[in-house]
């Protein structure tokens, strides 16, 4: 579905991404991991189209990303960021309703089907209790759950996550992951997620992309490519790998 060819990206003279070559199949949970400053969020932003690479191209479904219209992208991609992008005091219900905007005419209200989808995802994400609450008045973890609900209401085949679970309680984090796994299996949803938790990436991902200093140093099934040497190279820490469980930092 997604292919990156020879991607380079810089902020001014500072080179962030270098010769990125990557293929991502349909219906996978792909984690992007690496140390701070390795280029994870920049890579996600380039994939999403927020940033434009200076060299190389991105191909999605045999068509270059640059050839898609804004309307087409809105029906193909949804995005959940760790940053708060909703500043106006909309109700949480109104925020989730925004996920249906790509499917309606600008001046028309949401259809009955749209409303049903909105309420369904709010029930699914256990955010319906915040429906009448201002988005500016809930906690960081609750905010992330509402934004995830908005993304699910958008019903796109590709979902980008940038540390989307970072503020959630562990129980809601696991529930959110379970929701995504079900959609991957049922609808062939493709999830591309920036993560800092290497153990979550190890146990959750179908494939993991490891970045170091702007380059991909590994991309494969985590059980295959993630080992002590790779973690040392990517994060500069010594760990012990326990098969089937994950990594423990050595003292």
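Odds and ends about this structure:
- Report summary: the helix-based calculation at 222 nm, which adds -39500 (n - 2.57) for every DSSP H run with n ≥ 4 and divides by the residues of the chain, gives -10000 deg cm²/dmol.
- Annotation for region 1-43 versus region 57-134: alpha-carbon center distance of 24 Å.
- Rounded tilt (10° steps) of 140-154 against the dominant C-alpha axis of the chain: 70
- Prolate/oblate/rounded label for region 24-167 (Cα gyration tensor, a/c 1.5): oblate
- Cα long-axis angle, helix 170-187 against the chain (0 to 90 degrees, to the nearest 10): 80
- Rounded to 10°, Cα long-axis angle of helix 112-124 versus longest principal axis of the chain: 50
- Exposure proxy ranking, count of Cβ atoms within 10 Å, fewest first, for 163, 137: 137, 163
Read-outs: derived from the displayed coordinates by stated rules, not from any lab. It should be emphasised that the depicted structure is a prediction, and the values quoted were computed from it without experimental measurement. Neighbour counts run over all protein chains shown; Cβ positions are idealised from the backbone, glycine included.
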